[in-house]
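Step one of this worksheet: look at the structure below.
The values are calculated or read from the model by the stated rules, or taken from the named source; none is laboratory data. Predicted model, so just to flag it, every value in this text is computed and none were measured. Using ideal geometry, Cβ is built from the backbone for each residue, glycine included, and neighbour counts are taken over all protein chains shown. The accessibility values were calculated without ligands, DNA or RNA, using every heavy atom of the protein model including side chains. Shrake-Rupley method; radii C 1.70, N 1.55, O 1.52, S 1.80 Å.
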Amino acid sequence: MTEAPERERHPVAGRRTQQQRRTATIERILDATVEALGELGYTATTIGEVCRRSGVSSGGVFRHFPARLDLMVAAADAVRERQFANFRLGLEQLGGPGDSPESVRECLRLLRAACRAPINAAWYELLGAARTDPALRARLAPMAQRYHAQIAEFGRTLPIASRFEPTEFDTLLFTIVHLLDGEAVAAVVHPQPEQEEPRLALVAQLVTGR
């Protein structure tokens with residue numbers, strides 16, 4: 001058998017494989033969806049808007065996401081993945097978390113930043129829409145359950161968690177998460193910057209006992 005020419009046996013440098021092109025297209029679609037959700041809201045994030053922002057045709061979008069609902073759920077999951085990646089990176093840049101009041105405040109600042117990140121606005125939009133959209137609610141519910149389980153699992157790795165019983169710490173952790181979620185939503189129409197640092201200091205004091 002004649003051996004294939006060298007250029008056929010080895011991909012040309014810089015040429016992407018079909019899988020790489022597929023992954024890149026999906027990333028563009030999800031980026032556009034998350035961006036549109038945060039800027040325009042759930043109703044206005046149409047397939048047409050996603051196509052306009054991503055540069056992918058409607059046929060290309062539906063090739064990867066058979067229905068708009070599939071795209072919305074995938075966008076929510078993309079937010080989850082990116083939020084965890086950003087939070088871990090933030091902790092690494094701090095040199096790792098500790099259990100002192102100041103270290104806890106730094107973790108809380110990271111969590112607040114995650115809640116107020118532009119991509120998280122997409123998550124809030126989807127949660128709000130799910131209240132009156134049974135199909136969206138049904139699809140988001142198991143994903144949100146996994147999201148919360150991941151938050152709990154990650155939270156238990158923080159040094160401060162060792163001071164509490166696991167179930168008690170989970171309750172404390174989600175109380176803080178929901179507090180900062182509510183703060184992020186309320187700040188859109190009624191920001192209270194003068195309360196922000198005192199609030200974190202108070203929470204850190206309650207958590208650490210000092």
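Listing for the model above:
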| quantity | calculated |
| --- | --- |
| Residue that is nearest to the chain's Cα centre (by Cα), among those in the range 61-116 that are among the polar types (S, T, N, Q) and part of a helix (DSSP H, G or I) | GLN83 |
| Breaking point among (1) open to solvent by 60 Å² or more (accessible area, probe 1.4 Å); (2) assigned to a helix (DSSP H, G or I); (3) in contact (Cβ under 8 Å) with a residue 12 or more places away in the chain; (4) not hydrophobic (A, V, I, L, M, F, W, C), for ARG210 | (2) |
| Test result for ALA184, part of a helix (DSSP H, G or I), touching a residue at least 12 places away in the same chain (Cβ under 8 Å) and touching a Leu at 6+ places or on another chain (Cβ under 9 Å) | no |
| Check on GLU125, in a helix (DSSP H, G or I), surrounded by fewer than 17 Cβ atoms within 10 Å (Cβ to Cβ) and of a type outside the set (A, V, I, L, M, F, W, C) | no |
| Out of THR132, THR157, THR171, sole residue that is without any contact (Cβ under 8 Å) to a residue 24 or more places away in the chain and assigned to a helix (DSSP H, G or I) | THR171 |
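Residue by residue, here is whether (1) open to solvent by 30 Å² or more (accessible area, probe 1.4 Å); (2) closer than 29 Å to THR208 by Cβ; (3) of a type in the set (A, V, I, L, M, F, W, C); (4) touching a Ser or Thr at 6+ places or on another chain (Cβ under 8 Å) holds:
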{"residue": "LEU71", "(1), (2), (3), (4)": "no, no, yes, yes"}
{"residue": "ALA76", "(1), (2), (3), (4)": "no, no, yes, no"}
{"residue": "GLY98", "(1), (2), (3), (4)": "no, yes, no, no"}
{"residue": "SER103", "(1), (2), (3), (4)": "no, yes, no, no"}
{"residue": "LEU111", "(1), (2), (3), (4)": "yes, yes, yes, no"}
{"residue": "ALA129", "(1), (2), (3), (4)": "no, no, yes, yes"}
{"residue": "ARG139", "(1), (2), (3), (4)": "yes, no, no, no"}
{"residue": "ARG146", "(1), (2), (3), (4)": "yes, no, no, no"}
{"residue": "ILE160", "(1), (2), (3), (4)": "no, yes, yes, yes"}
